[in-house]
Protein chains: 2
Amino acid sequence: MQGRKLWALLGLAGALGMGSLPAMDAEEGMWTFDNPPIKALESKYGFTPTQAWLDHLRLSSVRLNDGGSGSFVSPDGLLLTNHHVARFQLQKNSTPEHDYLRDGFYAASEDEEMKSPDLEINVLVGMKNVTERVEHASEGIADQTQALKARQSEIAAIEKESKDATGLRSDVISLYNDSEYWLYQYKAYTDVRLVFAPEEQAAFFGGDPDNFTYPRYDLDMALYRVYENGKPLHTENYLKWNTKGATPGELVFVSGNPGSTSRQDTMSELLFERDVIEPDLLEYLDRVTEAEQNFASQGAKQAERVESSIFYYQNDIKAIRGEHEALLDKEVIAKKKAEEDDLRAKVTANPVWEKEYGGAWDTIARIIEPEKADFEKRFFRRTDSQLFNIALEIVQYVAEVKKPDGERLPEYHEAGLSSLRFQLLSPAPIYPDVEKLNMTTTLKIAEEKLGAQDAYLQAITQGKGIDETADALVEGTKLADVAVRKALLDGGEAAVAASTDPMIEAAKRVDPIVRADYLYHRDHVSSALTPAEEEIGKARFAVYGKNTYPDATFTLRLSYGTVEGYPYNGTQAPPFTTFYGLYDRAASFSNKHPWDLTPKETAALGKLDLATPMDFVCSDDIIGGNSGSPVVDRNGDLVGLIFDGNIESLAGDFVYDGEKNRAVAVHAAAMIETLRKIYGANALADEIEGKQ
Amino acid sequence: MQGRKLWALLGLAGALGMGSLPAMDAEEGMWTFDNPPIKALESKYGFTPTQAWLDHLRLSSVRLNDGGSGSFVSPDGLLLTNHHVARFQLQKNSTPEHDYLRDGFYAASEDEEMKSPDLEINVLVGMKNVTERVEHASEGIADQTQALKARQSEIAAIEKESKDATGLRSDVISLYNDSEYWLYQYKAYTDVRLVFAPEEQAAFFGGDPDNFTYPRYDLDMALYRVYENGKPLHTENYLKWNTKGATPGELVFVSGNPGSTSRQDTMSELLFERDVIEPDLLEYLDRVTEAEQNFASQGAKQAERVESSIFYYQNDIKAIRGEHEALLDKEVIAKKKAEEDDLRAKVTANPVWEKEYGGAWDTIARIIEPEKADFEKRFFRRTDSQLFNIALEIVQYVAEVKKPDGERLPEYHEAGLSSLRFQLLSPAPIYPDVEKLNMTTTLKIAEEKLGAQDAYLQAITQGKGIDETADALVEGTKLADVAVRKALLDGGEAAVAASTDPMIEAAKRVDPIVRADYLYHRDHVSSALTPAEEEIGKARFAVYGKNTYPDATFTLRLSYGTVEGYPYNGTQAPPFTTFYGLYDRAASFSNKHPWDLTPKETAALGKLDLATPMDFVCSDDIIGGNSGSPVVDRNGDLVGLIFDGNIESLAGDFVYDGEKNRAVAVHAAAMIETLRKIYGANALADEIEGKQ
């Protein structure tokens, strides 16, 4: 699935750089909306998107704070995304009486639509290039750490000015290896109600085995309705539905929020990723997943509580393993090496460029070298407990908000505070048994990797055993109560200082240690890496112009491509699948989970037109975070819904292979066919098709 | 497809050796019926085949001289094989009015059953170990060439004695690197009539792209009836049909004739195969295929004439390319190296073994070294014209039959003459335009590779141009007339000497050249390789005992395995497919060829039970030549029909990988379901199911 906020787990990996691109594969690129690939579209497809076309698509697209993308599909705020993006909210809304994740949900009327506890969606309404202002802030400052801080202050100021002036969520993002800075302004909506979701098994047919593969037979869709002032949002910015849907050979676009790529990484960064980051990350994920699976095997209640977590861990493991295998593939490494060699050769050939940028690659390699030893220490200082992380965020929050915006830790800038508070005050349930499990699992990993005397570990355990510590903290804390959290946030530093809540006290002990780690990394790695990466970004601009695209940053991008199969398994994968294939794959595994049909699917035989396209593939360049993105045709009408990439696309973190890299989408026809014939949701289908 | 007599194209590759096996993968092995893997079956499956079980299966199995396998499936001589094995006969029987290959065939009564022009089937009725006698023949002969000749004479004598005594086709075959020699006695049948074949498109749905892959949706079956003395053969040796068919997890056996494997090859032989043989072979096949495809594009008549040839060339190319990629795979090479190292280490550790066998690997490497230069010369002395090859065989035939049996070229031993004459006198049509095409294509390749002055080429062209030569030879020869061939064969040396038929004259000029090549290879390569390979075979016996199996030799073998899926495409391939999948794959390619449904398949929607298993996979170890082999359960009842291997099985020439190597079979239920519901062949289905 292309949804998980995996990159959030990996502050460092994101910070560790970018690189450059020479000639690109045919349909490569996650383009910003200010710089769409007009020339390629004109020359290859004879299609020129107008500014109105681009604006309409951008304003119809949304980002979800659950880590995915979506789009408006009706004038009354109906919002289409993936079931696996909505699964957090489905689970949070479930009760002992109603398991909406398992059984699905359909609100036949507005009254029945179900509010999401902590879902925020963002629409990118403004984009402004602020590069000059950010770069100006650090001009003449020789010390790299001071220069970085000066830029961070300026960025915070820009964000705050924008937020104050417009009320919009305002983020300054860096693109092209920090060669450009943009102010992105978002309209945020927090009253988002669930309208429809199929059963999990229909959405995720084939489970973890079929995840990240194709051919596929999943109905991975969900529909929300966005409300404003207690009423359905009325908007002109929605995508018309093309029920015929995507057709083979057709040009299609994807508008969504790819989370993170490492396409611009230098060779030294890629090898660091391969040899240091990924092995640690895979080991960590394998172990926490195994622990939760053991927990799940204890009973139905336990299984339900960790189901989503296991689901995402498995997704991450499969994705990272695919990326790791890509970096172990000699051809991928050779391609990346050739790209780097080409750029470096062109830089070297020009004396001015060579003087300005020529040393950047070696600088990066030199900075990374000591990281090989340091990374593991920082990485395993990690406690996977919601309550502990809430405590740490509260402790940091009350301290940071008192500082000038520019001097705060990045997560606590003024412009992002309302979204952060929305998350911290989520009423979604937190289970003590799961908390204990995850705390003990991750602290035991930390103990094994860092030694029992590690300062981080000691700050939490104070010399006690890990099991004992987790019991005491989880049982002693009152942070599961949202009111308690709110009182601490509102009470500020004094309230937090006075708190004897054991989790808050543990967080207070841990806070200086993680701050020191952050500052060390900032002052010894980021502040030196940033200018070197910027040099490479500028070298790339100098050599190739702006005919390239920046690495993904979970901000809105436009991809283009063709609906087409690809070579697979010694033959060809088809451009689309049909409902016949769903029934084939289920029967061919004797209907055994995860290839079991739902009772409704079984009952629908005889009603469904089995030749209806179900899922399809297109060569659009996407990655995790694109889940839920609309696929649109030349008219800008919706023809599909991205939910995954094929197994070959997992190399896409580093390199796009136009021959085999494919995005996987639910077909527009399949959504209408099932809404009408499986779910009896004719009114909803009418609203989507504009037949009201 | 697992059917083509590809190995026949490659006399040399077959002669170039064998090697050894240490520990085997779970279900590895193509076992001779005298040495079935009883222990493995008992320990892993708790199953002990009785001698009666083995005899019944062996006597129910057949080999077809069209290059495949089959089995008796009714007491009245009904014989099941693949459509792609029967396609030669379907094509030879077709007329301008009836295209049986395209449209299929069904004889509703015995009267309508259609005689095959040149099909011979063999049933292995006797097996006798003659190792002692063959080895005795060369005892005390120091000269290797003389020793080889002595053995060949003895082999010819054994074959002739057997043939004279029993009237049975009698072949002495060598197994385990010439460490064992066996007399195999076959009952031959030449009155074999076609009863049923589906349309080619139903049998070969997915065409060349899907060939050698799985999941698959092919009805690759055909039914013959064997006649004796003008009446259907009545036999007790037939397989009962299990209409429920193969079930997931079930132990199943395959009884058939795998053509050729190189599992025992030494590393030096494997690298010779990879670096010398396969590149030449692939280039040759690519070029002759391209020439025939160009010819086919000229019109329907032309296309029809080369259709089967292209079909098999594409099959060969895909197979050889897969084998070539396997040898380029470092893991495969590492595995083979580890096997060889293990055997050599064990030999070295025992002083007696080391003295007897230790030098064999280096000997083989030394013999092969000059072959790197010689192979290409011999390989490209090749003319792909039926008439030319008939002429050459006639010229050699009349000379050879006058010699003592033991001194003849191997193809002309007494015991094989009747089968050879049956082929030479086939009434199947030969098309002059195709003859000219193939002669010019292959002679031009020879000219390019060997130079216009090459003796072989000169013997054919006598200095004239290649186009002119082909025109003159094909237009001038009368050999398309079976009576002319018969007159020459019967007239013997005098008739051939007197013949002024231009093709015969060309063959007479070429004959001494190919004889010299053969003799050079025999005296400088085979005669030295044979004892070295025999030493390795004996070393393997000494080290591992007879718990291994010999390389494939297109003789009857027993494989065992489980009906099970395998890891593929990032997920799992299912153990079987269903008819739902056929309709899915057709629809998902918009019914475009080669994924188009036949009119009958389209019409059958609503009649067929789409959940019926169609094809399935099992871990039985098979290879080309196994096409048409029955798959039987513990009861010895037929549950499926082998027709292919998956893409991963192409490495099977060298190494069996139990995790991924799968045989692909038509499911017993699919054959009954389609006979009854698509083809209206209820009487035939009744005969098969024993419901008469």
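The values are calculated or read from the model by the stated rules, or taken from the named source; none is laboratory data. These figures come from a predicted structure and were not determined experimentally. Using ideal geometry, Cβ is built from the backbone for each residue, glycine included, and neighbour counts are taken over all protein chains shown. Each accessible area value is taken on the protein alone, full model and side chains, heavy atoms only, with ligands, DNA and RNA left out. Shrake-Rupley method; radii C 1.70, N 1.55, O 1.52, S 1.80 Å.
I need the fraction of alpha carbon pairs in the stretch A:451-582 separated by more than 21 Å, rounded to a whole percent. Summing the P(r) tail past 21 Å for the stretch A:451-582 gives 71 percent. A label point on A:A52, set 7 Å along the Cα-to-Cβ line, lies at 8.7 nm from each of its counterparts in the other copies, closest listed first.
Using protein chains only (no ligands, no nucleic acids) and a 1.4 Å probe, work out which residues of the stretch B:580-599 have their accessible area cut by at least 20 Å² relative to the chain alone. When all protein chains are present, B:Y580, B:Y583, B:D584, B:R585, B:A587, B:S588, B:F589, B:S590 each give up 20 Å² or more of accessible surface. The orientation-averaged projected area of the convex hull spanned by the Cα atoms of chain A comes to 29.1 nm². For B:L425 and B:T48, a Förster radius of 51 Å and the Cβ-Cβ distance give a FRET efficiency of 0.65, rounded to the nearest 0.05. Annotation for the stretch A:345-402: trypsin sites (Lys or Arg not before Pro) lying in DSSP loop with at most 11 further Cβ atoms inside 10 Å of their Cβ are A:K402.
Dipole magnitude for the protein assembly as shown: computed about the Cα centre from +1 point charges on Lys and Arg Cβ and -1 point charges on Asp and Glu Cβ, it is near 800 debye.
On alpha-carbon atoms, Rg over Rh for the stretch B:299-431 using Kirkwood Rh? Checking Rg against Rh, the ratio lands at 1.11. The residues of the stretch A:267-531 have, on average, 43 Å² of accessible surface per residue, using a 1.4 Å probe with all protein chains present.
Please give the per residue accessible area of the stretch B:66-174, computed with a probe of 1.4 Å over protein heavy atoms only, in Å².
Per-residue value: 41 Å².
Each copy carries A:Q146; placing its label point 7 Å along the C-beta direction from Cα gives inter-copy distances of 9.9 nm, listed from smallest up.
Under the criterion of Cα pairs below 8 Å and six or more residues apart, the relative contact order for the stretch A:114-202 equals 44 percent. Across the stretch A:375-385, coupling constants 3J(HN,Hα) worked out from phi with the 6.51/-1.76/1.60 Karplus curve, θ = phi - 60°, read 4, 4, 4, 5, 5, 7, 7, 8, 10, 8, 10 Hz, and Gly and Pro carry x. Phi-derived couplings, Karplus 6.51 cos²θ - 1.76 cosθ + 1.60 at θ = phi - 60°, listed residue by residue for the stretch B:195-210: 10, 8, 8, x, 4, 3, 5, 6, 6, 10, 3, x, x, 4, x, 7 Hz, with x used for Gly and Pro. For A:V125, the amide hydrogen comes within under 5 Å of the amide hydrogens of A:Q185, A:Y186, A:K187, counting only partners 5 or more places away or on other chains and with H modelled in the peptide plane.
For peptide A:645-658, compute the average count of partner chain beta-carbon atoms within 10 Å of each residue's beta-carbon. Counting other chains' Cβ atoms within 10 Å and averaging over A:645-658 gives 1.
Under 5 Å from the amide H of A:Y568 lie the amide H atoms of A:A573, each residue being 5 or more positions distant or on a separate chain, with H modelled from the backbone and absent for Pro and chain starts. Hey, got a sec? Which GluC sites (Glu not before Pro) in the stretch A:159-238 land in a DSSP loop and have at most 11 other Cβ atoms within 10 Å? Answer by residue number: A:E236. For the residues of A:562-571, the average number of beta carbons from a partner chain within 10 Å of their own beta carbon is 5.
Defining a contact as two alpha carbons under 8 Å apart and six or more residues distant in sequence, what relative contact order in percent does chain A show?
Working: 1333 pairs, mean separation 187.3, N = 692.
Relative contact order of chain A: 27 percent.
Phi-derived couplings, Karplus 6.51 cos²θ - 1.76 cosθ + 1.60 at θ = phi - 60°, listed residue by residue for the stretch B:140-145: x, 8, 6, 5, 5, 5 Hz, with x used for Gly and Pro.
The amide H of B:L239, built 1.01 Å from its N in the peptide plane, has B:F72, B:V73, B:S74 as neighbours under 5 Å, considering only residues 5 or more places off or on other chains.
Normalising the Debye intensity of the stretch A:267-531 to I(0), with uniform scatterers on Cα atoms only, and taking log10 at q = 0.08 Å⁻¹ returns -0.42.
Shown here for the stretch A:39-94: chymotrypsin sites (Phe, Trp or Tyr not before Pro) in loop regions (DSSP other than H, G, I, E, B) with at most 16 other Cβ atoms within 10 Å, namely A:F47. The contact between chain B and chain A removes approximately 2300 Å² from the accessible area (both sides summed; 1.4 Å probe; ligands, DNA and RNA excluded). Averaged over the residues of B:205-216, the number of partner chain Cβ atoms lying within 10 Å of the residue Cβ comes to 3. Per the Debye calculation on the protein assembly as shown with a single equal scatterer at every Cα and no solvent contribution, log₁₀ I(q)/I(0) for q = 0.04, 0.06, 0.09 Å⁻¹ amounts to -0.30, -0.66, -1.21. Contact order normalised by length for the stretch A:465-553, with contacts defined as Cα pairs under 8 Å and 6 or more residues apart; what percent is it? Answer for the stretch A:465-553 is 22 percent.
Shown for the protein assembly as shown: the carbon plus sulfur share of the solvent-accessible area, taken with all protein chains present and a 1.4 angstrom probe, equals 51%.
What separates the Cα centres of the stretch B:435-460 and the stretch A:395-466 is a distance of 79 Å.
Label-to-label distances for B:G451 across copies, nearest first, come out at 7.5 nm, using points 7 Å from Cα in the beta-carbon direction.
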